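To start, the structure under review is shown below, and the notes come after it.
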Amino acid sequence: MPRHVACVMDGNGRWAAQRSLPRTAGHEAAETAVIDVIEAARSAGVTWLSLYAFSTENWRRPAGEVDILMRLVRRAIRKHAPALHARGVRCRFLGMSDPRIPSRLVQDITDLMTLTSDNRQMTLTVAFDHGGRRDIVQAARSLIRTATPAEQVTEATFAQHLPYPDTPDVDLVIRTSGEQRISNFMLWQVAYAEWVFPQVLWPDFRATHLWECLDAYRRRQRRFGDVRRPTTTTGEES
Amino acid sequence: MTPTAAEETLDVFGPDSMLRSLVNEARWGLAVARATVLEAAYPQIGAALIGNSTFVTYPWRRLRNTLTSTQRLLDPDQHVRNREATRLNRLHARIAGSDPQGRRYDAADAEARAWVVATLFESSVTMYRLGGESLDRTATDRLYAEFRTVLALLEGNSDHLPPTVREFWPYFDDIVHHRLENTEAVRVILFRLFANVPAPPLLRNSPAVWAASRAVAGPMAAAITIASLPEPLCRRLALPDVPGARALMHGAYLGAAWASRLLPNDWVSVESFMSLLDPDHSREAGPWQGVRRKAGQAAALFRLVTPAPDEDDPVTYSADRFFAEVLDQTGDGHIAWPDLAAMAREIATRLDLDEPDEERLFNAYAAWWRELQAGLDSDGDGRVTRQEYAAASTSLPSAGLIKVADVLFDVTDVDDDQAIDAQEYQKLFRRAFHRDLTGTADTYSRSAFVRQFLSFMSGQQHSTAYSSLLT
C-alpha cells in the first residue's frame, strides 16, 4: 500500500463543457469526488494524501472563475470540517502565500488546521496556491539564511527546509483526465513517485477509481533507479 | 537622578523579596484594580489618566506593559532597574497639561507618584487582609520598606511617603478624607471600562463569547472593586452599594487566596494568566498551554460551524473603525497630541528604545502632529475630528507621516543593515513574518516598510501586524 498518495485533480472544466455547463459547475461537482477520495484513501490505509487544488499559475484564470473557486473552497471547508475532524484527518494547506486569497478563507483554513492539528489517522495536504519550484526556492533561501556550509548541504538537510518537512516522499501520483504533465506539483517530493493517468475526469472520480489506481501501483516494481533487482516490490505481500 | 545608599547594593529588594513574589501572583490583579480606582480619585492623577492614558481603549495592552515594567523595576540586576526607572521618568515627563477646570497636572509630580505607591501598598495589605491571612507587624514593615524602595528608585528619594507604617496610616486616611474626589477617571473606570472592556487578544475572533461573559463579569468586577474600597471613600464618592456585593468581594478575595495557596505555583502566576489571555505573550510552554490549545481548537470549530459572515472582504478598514481602533488611542472621539504620543509611547516601550532613539520617535510624531494641526484642524480647536481626518485622508500621506515611518524603520533596524530581518520584525510586531510579507524577499527594505506603514496609517490597507501593534 502506498504511504503517500497525491492527486492532481484535472478535468473539471472539460467535465462541465461536456455538459454545456459553465466551468465553475465542474469545480462544484469536484467537491463530491474530493470527499469520496479522502474517505476511500483513509479506509484503504493510506496515511498521507495530497490534493492539488490550486496552483500559483491558476491565478491567471478569469477573475470571476477564481472568485467562485475561492467561495467553493470556503463553503466546502465549512461544510466538511466537523466530519474530517471526527474521522481523525489532520488537514494542512501547502502554499497559501498570495494576498489575493480572501482573508475570510484564510481564517477558515487556519481554523481547520488548528482544529485538526492533533489528529493522526491520516494527513491530508491540500496544495493551495502551491508551486513546486517556489517551495524549492524558499528552502534554498532558508538554507542560506542558516549559513549552512556548502559541503553540509545534502538531500536530507535540504529537505528539512521545505515546507512541512515531515511529509514523506510521494509514492503514487494520480492525474485524472488523461493529461500527462507534472504542472509544478510538489516537485521535490515526487522524485521517485509512480504515476498513473486514468482517463476519467476528476468530477467523476470515485472510490472505485482510486482502488484501481492503488491496484495498478501494487503491480508495479519500484526500482528507484537500480537495474539489478527490485529494491522494493510493491507486490502482493503488502 | 542620584543613586541612594540603598540602591548601590546589588539587589535592593533582597533574594526573598515579598514584593517580587507578590507581583508574580495573579491575584495581585485584584489589588491593582482597587489601587487604580484610588489613584484615579486623586484629582491630578485622574486628569492625567483621562487626558493621556490609553487604558480605556487598550486595557490589555496597558496591562501587559504595566506588568513588564513592574517586573523590570523589581529585577535583581541594578542596570535593568535603573534603565526602567529612567525610561518611566522620561515617559512621565512628557505627560502634563491641565484638566477641564484648568487645574494643572503633571505626571512627574512627586506627591502624586508617592500616592500611587501608597495605594499599591495599601491595596496589597488589604488583599492579604481580605484573603484571610493578615500580615504581621514585621511583614508589613518589610513590605512597606520595599514599596518605599520602589519610589526611591523612581524619584531618587522616598521623602513624600512617611518613613514608617505607623505614620503611613494617618497619611493615607488624610488623603482619602480630604484630597480624593469623584473624578471623571473614577467613573470611567468603574462604569465604562469594566462594562466595555474590549476582548482580550485570545477572544478577539469570537465577539459573541466575549460579549456574553463580559455582561456577567463586568458588573461583578465593578461591584467587587467598589466593595473593597475604604468605606469613607465610597460615601464621599457616592458609589453604589449593591446588596451582596460585599459577600461577592469577600468570596473573590478568599477564593483568590485559596487558589494561590492550594494550586500549583505556575497555575496562578501572572505570566500564565497573561499567556492565557494573549497568545502573543506566551514565552514558553506554560501549564495553560494544553488548555489554550484545546480552547483554540474549540473556538476554531465554533467559528467553522457557525454561519459564515458575508463574503465582503475587510482588506480595507472602514474609515470609522480605523479611526476608533488605531488613531483615537485615548478613546475620546478625536485625535489630539495625547493620541499620537500614546502611539509613540507604545512603540518606544515595545522596542525598549534608548533616549536618543525615543527622542527621535517622539519628535517625528510631534512634527506629524503639527502638520496635522496646521493642515486638517479646520475649526482651530486644537484637535482633529473624525470628519476632518476623513476629509483629508485622500491627500495623505503627508511629509510628517513619511518622516514617522522613516524613523520607525531606523529604530527598528537595530543592526543598521538597511533592512528589517525576521528578528527585528518579530520584536516590533511580536509575530513571525507571515502573509503580510508578500514580496519575494524575506526582509523588508526601507521603501517597502515605509510603503506598508503609510498604506496602513492612511487606512487604505488592513495589516494584522500593525493592528497588533497599535490596537
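The values are calculated or read from the model by the stated rules, or taken from the named source; none is laboratory data. Owing to the predicted nature of the structure, the values given are computational and were not obtained by experimental measurement. With ideal geometry, Cβ positions are generated from the backbone for all residues, glycine too; neighbour counts draw on all protein chains shown.
The table below gives the values:
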{"quantity": "Close pairs from the range A:68-81: first at the interface with chain B (Cβ under 9 Å from one of its Cβ atoms) and small (Gly, Ala, Ser), partner assigned to a helix (DSSP H, G or I) and crowded, with 19+ Cβ neighbours inside 10 Å, Cβ under 6 Å, at least 6 apart", "calculated": "A:Ala81/A:Leu112; A:Ala81/B:Leu304"}
{"quantity": "Output for the range B:426-440, where each listed residue is touching a Phe, Trp or Tyr at 6+ places or on another chain (Cβ under 9 Å) and either of a type in the set (S, T, N, Q) or at pLDDT 75 or above (or both)", "calculated": "B:Gln426"}
{"quantity": "Residue within the range A:161-170 that is assigned to a loop (DSSP other than H, G, I, E, B), among the hydroxyl-bearing types (Ser, Thr, Tyr), within 14 Å of chain B (Cβ to nearest Cβ) and under 17 Å from the mean Cα position of the chain (by Cα) present", "calculated": "no"}
{"quantity": "Count - residues of the range A:11-28 that are outside any helix (DSSP H, G or I) and crowded, with 22+ Cβ neighbours inside 10 Å", "calculated": "1"}
{"quantity": "Among (1) in contact (Cβ under 8 Å) with a residue 60 or more places away in the chain; (2) in a loop (DSSP other than H, G, I, E, B); (3) among the hydroxyl-bearing types (Ser, Thr, Tyr), the one test that B:Thr225 misses", "calculated": "(2)"}
{"quantity": "Residue check, A:Trp48 in contact with a His (Cβ under 7 Å, 6 or more places away or on another chain) and on the phi < 0 side of the Ramachandran plot", "calculated": "yes"}
{"quantity": "Qualifying residue in the range B:384-402 (condition: out of contact with any strand residue (DSSP E or B) (no Cβ under 7 Å at 6 or more places or on another chain), without any contact (Cβ under 8 Å) to a residue 60 or more places away in the chain and within 16 Å of B:Ser445 (Cα to Cα))", "calculated": "yes"}
{"quantity": "Filter result for A:Trp48 (in contact (Cβ under 8 Å) with a residue 24 or more places away in the chain and over 17 Å from A:Val89 (Cα atoms))", "calculated": "no"}
{"quantity": "Number of positions in the range B:297-339 that are surrounded by fewer than 17 Cβ atoms within 10 Å (Cβ to Cβ), at pLDDT 70 or above and within 14 Å of chain A (Cβ to nearest Cβ)", "calculated": "5"}
{"quantity": "Subset of the range B:359-380 (residues that are modelled with pLDDT of 75 or more and assigned to a loop (DSSP other than H, G, I, E, B))", "calculated": "none"}
{"quantity": "The range B:129-143 - residue that is in contact (Cβ under 8 Å) with a residue 40 or more places away in the chain and in a helix (DSSP H, G or I) and, of those, nearest to B:Ala110 (Cα to Cα)", "calculated": "B:Leu143"}
{"quantity": "Where A:Val46 falls short, out of the listed (1) modelled with pLDDT of 90 or more; (2) away from chain B (no Cβ under 14 Å); (3) surrounded by fewer than 19 Cβ atoms within 10 Å (Cβ to Cβ)", "calculated": "(3)"}
{"quantity": "Search result, residues across the range A:84-102 that are exposed (fewer than 15 other Cβ atoms within 10 Å of the Cβ) and either facing chain B (nearest Cβ under 9 Å) or touching a residue at least 12 places away in the same chain (Cβ under 8 Å) (or both)", "calculated": "A:Gly88, A:Asp98, A:Pro99, A:Arg100"}
{"quantity": "The lone exception for A:Asp36 - which of (1) in a helix (DSSP H, G or I); (2) within 12 Å of another protein chain (Cβ to nearest Cβ); (3) touching a residue at least 40 places away in the same chain (Cβ under 8 Å); (4) of a type in the set (Asp, Glu) it fails", "calculated": "(2)"}
{"quantity": "The range A:29-38: number of residues that are out of contact with any helix residue (DSSP H, G or I) (no Cβ under 6 Å at 6 or more places or on another chain) and buried (at least 17 other Cβ atoms within 10 Å of the Cβ)", "calculated": "2"}
{"quantity": "Qualifying residue in the range B:144-167 (condition: assigned to a loop (DSSP other than H, G, I, E, B) and buried (at least 20 other Cβ atoms within 10 Å of the Cβ))", "calculated": "yes"}
{"quantity": "B:Ala252 being in contact with a helix residue (DSSP H, G or I) (Cβ under 6 Å, 6 or more places away or on another chain), within 17 Å of B:Arg34 (Cβ to Cβ) and outside the structural domain of B:Ser124 (by TED's automatic domain parsing)", "calculated": "yes"}
{"quantity": "Selected residue (criterion: surrounded by the fewest Cβ atoms within 10 Å (Cβ to Cβ)) from residues of the range A:105-159 that are within 10 Å of chain B (Cβ to nearest Cβ) and outside any helix (DSSP H, G or I)", "calculated": "A:Asp118"}
{"quantity": "A:Ile77 part of a helix (DSSP H, G or I), touching a Leu at 6+ places or on another chain (Cβ under 7 Å), buried (at least 17 other Cβ atoms within 10 Å of the Cβ) and at pLDDT 90 or above", "calculated": "yes"}
{"quantity": "Condition met for B:Ala217 (buried (at least 17 other Cβ atoms within 10 Å of the Cβ), in the same structural domain as B:Ala35 (by TED's automatic domain parsing) and not acidic (Asp, Glu))", "calculated": "no"}
{"quantity": "Selection from the range A:80-110 of residues that are farther than 24 Å from A:Phe185 by Cβ and over 20 Å from the mean Cα position of the chain (by Cα)", "calculated": "A:Pro82, A:Ala86, A:Ser103, A:Arg104, A:Gln107"}
{"quantity": "Scope the range B:182-208; condition assigned to a loop (DSSP other than H, G, I, E, B) and of a type in the set (A, V, I, L, M, F, W, C); matching residues", "calculated": "B:Val197, B:Ala199"}
{"quantity": "Residues of the range B:228-244 that turn out to be closer than 17 Å to B:Tyr42 by Cα and in contact (Cβ under 8 Å) with a residue 12 or more places away in the chain, as a count", "calculated": "8"}
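Condition check ((1) within 27 Å of B:Ala256 (Cβ to Cβ); (2) modelled with pLDDT of 85 or more; (3) over 16 Å from the mean Cα position of the chain (by Cα)) across all residues:
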position	(1), (2), (3)
B:Tyr42	yes, yes, yes
B:Arg62	yes, no, no
B:Thr68	yes, no, no
B:Leu74	yes, yes, yes
B:Arg83	no, yes, yes
B:Asp99	no, no, yes
B:Ala112	no, yes, yes
B:Arg129	yes, yes, yes
B:Leu143	yes, yes, yes
